[in-house]
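The values are calculated or read from the model by the stated rules, or taken from the named source; none is laboratory data. None of these values were measured; they are calculated from a predicted model. Methodologically, a virtual Cβ is constructed for each residue, glycine included, from the backbone with ideal geometry; neighbour enumeration extends over all protein chains shown. These accessible areas exclude ligands, DNA and RNA; they are computed on the full protein's heavy atoms, side chains included. Shrake-Rupley method; radii C 1.70, N 1.55, O 1.52, S 1.80 Å.
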There are 2 protein chains.
Amino acid sequence: MRHASFDGAGGCYIEAALEVIADKWKGVILYHLLDEPKRFNELKRSFPELSHRILTRQLRELENDGVISRKIYPEIPPKVEYSLTDLGRLLKPTLLSLEGWGVKYVETTRYLRNCQLDKAE
Amino acid sequence: MRHASFDGAGGCYIEAALEVIADKWKGVILYHLLDEPKRFNELKRSFPELSHRILTRQLRELENDGVISRKIYPEIPPKVEYSLTDLGRLLKPTLLSLEGWGVKYVETTRYLRNCQLDKAE
DNA sequence: TGAACTAGTAACACTTGTGTTACTGGCGCA
DNA sequence: TGCGCCAGTAACACAAGTGTTACTAGTTCA
């Protein structure tokens with residue numbers, strides 16, 4: 001499903017961006033990394049519903065896409081820290097913009113839902 | 001996979017926003033509607049790889065989410081026009097921000113790809 | 001001694017999303 | 001008469017994404 005190339009026609013860059021951040025957990029993972037690096041289990045604790053395995057994969061994909069970097073401390077027990085790369089940090093305004101719209105969306109649909117309830121009664 | 005509710009904790013609003021716009025074609029469809037309403041087949045012609053059926057479904061879902069509206073002109077042959085709702089128009093800065101980051105992402109990864117080629121040679 | 005911590009990997013099942021094909025009906029045109 | 005236009009729907013196949021379970025190794029703590 002990945003595009004091999006992007007010529008920028010017709011909003012292709014939007015597709016490119018969404019391919020990177022739009023998987024189920026990636027947006028939220030990036031959001032949690034916006035301000036500070038986090039360790040693997042630190043992230044895992046942030047998302048109790050997210051399994052070990054899936055977190056690993058999402059992190060690995062984000063790493064391959066160049067938006068986060070993985071730093072391994074050669075300690076026992078192992079310590080691995082995930083942080084945004086320069087490219088990842090550029091996502092901050094975009095993510096905040098998404099969040100802002102998300103608030104409006106949730107408010108609006110909640111309103112619409114209430115309206116439908118009103119009609120139903 | 002849809003969330004029933006969003007309490008806003010930990011970037012949940014980002015998830016909410018992504019659930020609306022992040023399906024394969026939705027970002028691009030919205031992008032094409034940013035400036036003017038479009039007819040069904042007009043959109044279809046913009047995406048030759050996108051099948052009739054899929055376009056219908058993506059449009060229907062966007063409509064259910066309240067970001068686009070569907071206006072039927074009772075003519076023969078039928079005319080159906082899709083345009084952004086108020087909520088949809090609020091997405092404009094977000095989509096442009098995504099596009100901007102997409103450009104940087106594509107440039108960066110192209111650069112990285114070149115580097116790997118350099119190494120391989 | 002055995003459990004829990006760290007950060008993983010491998011094999012598999014399940015769910016969702018995407019796409020294909022064939023069909024609808026009223027009209028214009030050759 | 002038969003084709004294409006318009007905007008769809010229905011039934012189905014297939015690919016991708018998500019999630020579950022069981023496993024790894026070295027260390028610390030009870």
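Annotations for the structure displayed:
- Distances, shortest first, from the label point of A:Lys104 to those at the same position in the other copies read 2.2 nm; the point lies 7 Å along Cα to C-beta.
- When the GluC sites (Glu not before Pro) in segment A:13-54 are filtered for DSSP coil states and for at most 16 other beta-carbon atoms within 10 Å of their beta-carbon, the remaining sites are A:Glu49.
- For the rotational copies A and B, the chain A residue with its Cβ nearest the relating axis, together with that separation in Å, is A:Ala22, 2.
- Segment B:12-90: mean projected area of Cα convex hull, nm²: 5.3 nm²
- Interface of B with A. Using a 1.4 Å probe and counting protein heavy atoms only, the two chains hide about 3800 Å² of accessible surface, both sides summed.
- Take B:Glu75, push a point 7 Å out from Cα through the beta-carbon direction, and compare it with the same point in every other copy: 6.9 nm, smallest first.
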